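Working notes for the structure below.
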């Protein structure tokens, strides 16, 4: 199967924009939130253990 | 440019090509090579010096005095024979590897020979006293100035030479393409490095445990903070489809080539997507490799562990990250000595960079599993398809097993038989010679596969823009912050006297 042209691929993405689905938004913001909470918690733990 | 999406053969990193080839994987091969060197080096414990003939390069003013066998027991061996024997060892081991990978042995032999010769020449040049000597050693060489780059500057020279070959002499690179395998070389080196770091950690067990714990904490946070923002930026502001945004986010934020490939297959992206992302990953990791260690030397010389963690978190691909850890180790120690008179013990910065990178690699499989589940169950529902936990093992980077094994074996040997520690140190010193050569070959190979002309390829601008923005506008700075939070104040031991 011939591979698509990169420029065509980019143009196609512009014309057929896939909007962010609610599940993607959940994935993004839940992951980020968990990351921030863990960062604060683990920094505190490591400072306490030090 | 009719086939811009079809990369020229040497444009696709060998790690990508390898994923579709039969035969042993680079991962398992690296474990075998690393363990072979490690086990041979342990011969010293039974009184058999099996690797003492390997050549080592000291900082030099007189070229004839630069090369010597690593062990005193082989002191009478002429340097040329020692060098030839070392080359012969690499050739035989790597040719056996080529057979196991079912690749062309003849082309591999030519490639290994060329890469070994060019890389070693760079290493040799980088050890010239005017380039390498630290201020405390200048008097001994009878010189009053030097670039103070230590003999690790050979790595930078190898990288620049590789870049020249990759970008100006692509025809030559094509001839030894079979052997341009930075991932194989660095993974073999990392397996050997495990034992070397084990012996370093043996003297400082508390510091080593703290380093492991902080490294684990740092990468858990980095994973979860990097990936979603890069994915969001690619989708929301650059309009990338899910198929492109997910491998791109993994490539930029996690661990370059391996993460892009794992994510690509997790979400069932077309193979060309991770290939294109991987090409960009390699190019930008070279840019980072040329900039970040010097930035770390300038601003973080008083915090070598922060500098090491930063390299592990910010520089993508195993090769470039561990390589930048090695350069940073040398540069930071040289600057700390020159500016503050503090002589930090070597290898701790490299150790942190490697630890962080190894943890990142371990989690690639877990993250790919999570994405595979989200995609198959929620985004592109595929009836009757189940995501198996076995996929985590399938995507687990196996060379890490070798690294952990050599690290633990040395720790256990040292703890159970303290009388053997001097011999273990000597044997790891011999293994370290091979690690150094694998490192310099990695640098050359990274340069050779970094085809900067790709940036001029039609249609690549948008991919490069999101990469540039996220890497230099977000990942590097958040990576620095996380490194600072977890490693600030943790200092390597100081060499006395």
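The values are calculated or read from the model by the stated rules, or taken from the named source; none is laboratory data. As the structure is a prediction and not an experimental result, all values here were calculated from the model. Cβ atoms come from the backbone with ideal geometry, glycine included; neighbour counts cover every protein chain shown.
From the list B:178, B:152, the lone residue that is in contact (Cβ under 8 Å) with a residue 12 or more places away in the chain and surrounded by fewer than 24 Cβ atoms within 10 Å (Cβ to Cβ) is B:178. Just one residue in the set B:277, B:281 is part of a helix (DSSP H, G or I), more than 13 Å from chain A (Cβ to nearest Cβ) and buried (at least 24 other Cβ atoms within 10 Å of the Cβ); that residue is B:281.
Counting the residues of segment B:211-243 that are over 30 Å from residue B:303 (Cβ atoms), at the interface with chain A (Cβ under 7 Å from one of its Cβ atoms) and part of a helix (DSSP H, G or I) gives 5. Suppose the filter is modelled with pLDDT of 90 or more, farther than 17 Å from residue B:325 by Cα and more than 14 Å from chain A (Cβ to nearest Cβ); does residue B:248 pass it? No; evaluated as a whole, the condition is false for this residue. Among the residues of segment A:10-23, those identified as part of a helix (DSSP H, G or I) and facing chain B (nearest Cβ under 7 Å) are A:10, A:13, A:14, A:23. Applying a threshold of 9 Å to beta carbon distances and a minimum spacing of six or more residues, or different chains, the list of pairs starting in segment A:13-26 at a residue that is surrounded by 13 or more Cβ atoms within 10 Å (Cβ to Cβ) and ending at one that is part of a loop (DSSP other than H, G, I, E, B) reads A:13/B:238; A:13/B:239; A:13/B:240; A:13/B:241; A:18/B:239; A:18/B:240; A:18/B:241.
Suppose we filter B:491, B:481 for residues that are surrounded by fewer than 23 Cβ atoms within 10 Å (Cβ to Cβ), free of Cβ contacts under 8 Å to residues at least 12 places away in the same chain and within 14 Å of chain A (Cβ to nearest Cβ); which single one remains?
Values: B:491 fails: free of Cβ contacts under 8 Å to residues at least 12 places away in the same chain.
Selected residue: B:481, the only one of B:491, B:481 that is surrounded by fewer than 23 Cβ atoms within 10 Å (Cβ to Cβ), free of Cβ contacts under 8 Å to residues at least 12 places away in the same chain and within 14 Å of chain A (Cβ to nearest Cβ).
Can you name the residue in segment B:209-219 that is surrounded by fewer than 20 Cβ atoms within 10 Å (Cβ to Cβ) and within 20 Å of the chain's Cα centre (by Cα) and, of all such residues, is farthest from residue B:255 (Cα to Cα)? It would help to see each step written out before you state the result.
Of the residues in segment B:209-219, the ones surrounded by fewer than 20 Cβ atoms within 10 Å (Cβ to Cβ) are B:209-210, B:212-213, B:216.
Okay, now just the ones that are also within 20 Å of the chain's Cα centre (by Cα), so B:212, B:216.
On the way: B:212: 19, B:216: 15 Å.
Here the residue is B:212.
Selection of segment B:69-89 for residues being within 28 Å of residue B:138 (Cβ to Cβ), outside any loop (DSSP other than H, G, I, E, B) and in contact with a strand residue (DSSP E or B) (Cβ under 6 Å, 6 or more places away or on another chain) yields B:79, B:82, B:83.
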